1. Do you know the relative contact order of region 81-193, to the nearest whole percent, from alpha carbon pairs under 8 angstrom that are 6+ apart?
2. Count the net charge of all other residues whose Cβ sits under 12 Å from the Cβ of Phe180, scoring Lys and Arg as +1 and Asp and Glu as -1.
3. With n ≥ 4 as the cut-off for DSSP H runs, can you work out [θ] at 222 nm for the chain, using -39500 (n - 2.57) per run divided by the number of residues, rounded to the nearest 500?
4. Let me spell out the model: positive unit charges on the Cβ of Lys and Arg, negative unit charges on the Cβ of Asp and Glu, origin at the Cα centre of the chain. What dipole size does that give, in debye rounded to 20?
5. Can you tell which of Pro20, Thr64, Gly30 lies farthest toward the positive end of the dipole of the chain, using +1 and -1 charges on the Cβ of basic and acidic side chains (Lys, Arg; Asp, Glu)?
6. Give me the net charge of Gly104's neighbourhood, meaning all other residues with Cβ under 15 Å from the Cβ of Gly104; Lys, Arg count +1, Asp, Glu -1.
7. Between (i) 40, 36, 34; (ii) 51, 42, 33; (iii) 41, 35, 29, which entry matches Cα extents along the principal axes in Å as derived from the coordinates of this structure?
8. Rank-order 162-169, 108-115 by packing density, defined as the average count of other C-beta atoms within 10 Å over each peptide's residues, highest first.
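Laboratory data are not the source of any read-out in this text; all were calculated from the coordinates shown. Computed from a prediction, not measured in an experiment: that's the story for all the values here. For neighbour counting, all protein chains shown are included, and Cβ atoms are generated from backbone atoms with ideal geometry for every residue, glycine included.
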Amino acid sequence: MILGIVASSANAGGGATPPPSVGSFWPSEGGYYAGVVTYGDGRSFHLVLAEKVYRSSSVLQWRTTATATAGTYSIDDGFANTAAMIAVGAALHPAAQLSVSAAGGGYSDWYLPAENELIIISNVFNSAQASPPTEFEVGGAQELPSNLHWSSTTVSTDPGRARGVAMLDSEVIGGYRKNFDPLRVAPVRRVAI
């Protein structure tokens with residue numbers, strides 16, 4: 001275990017119940033089902049968004065200093081990026097610290113999503129789309145604010161910056177200063193298929 005990042009039985013061997021329809025609450029996995037994410041290396045997982053109570057209601061820094069964090073360059077694997085952040089120091093990475101502290105469904109394997117995982121979250125749950133899930137509509141109990149959210153992905157050409165994703169239109173915006181540009185955080189977990 002790396003400070004809150006563990007492989008739960010669901011993470012390691014598939015969920016106890018089949019996933020619901022995309023956008024629906026998945027009780028046995030503690031959050032809202034976003035669909036399947038397939039990484040560049042061919043691994044696939046079910047992606048689950050944390051309930052609003054575990055998402056940031058205000059903005060946070062990615063890191064407390066504008067310096068590199070080794071192991072945070074994956075655009076696919078937020079779990080690995082977050083583990084690298086926590087290994088260096090949870091207090092140095094407020095966005096990751098909030099993510100791993102989520103406890104939806106009693107799980108302790110929540111993490112800060114990588115760029116491509118966050119795009120999936122935005123595509124399914126943003127309140128600006130034509131028909132978001134009812135709970136995620138503007139003013140809904142689970143509304144995902146349309147502003148920028150941190151990904152766990154560092155900008156490869158400038159390690160003092162990380163990528164954000166606009167929930168309004170799923171646009172990836174790179175170059176946010178880790179220690180200066182505070183964004184929102186939406187923890188996720190993955191469930192093996």
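1. Worked out over region 81-193, it gives 25 percent.
2. Values: positive: Arg63, Arg161, Arg177, Lys178; negative: Asp181.
Charge balance near Phe180 sits at +3.
3. Values: 4 runs with 35 residues, N = 193.
The helix contribution divided over the chain gives -5000 deg cm²/dmol.
4. Values: 11 positive and 15 negative charges, 87 e Å.
Using Cβ point charges on Lys, Arg, Asp and Glu, the chain gives about 420 debye.
5. Checking the options against the dipole of the chain, the answer is Thr64.
6. Once all neighbours under 15 Å are counted, the net charge is 0.
7. Computed from the coordinates, Cα extents along the principal axes in Å corresponds to (iii).
8. Output ranking for 162-169, 108-115: 108-115, 162-169.
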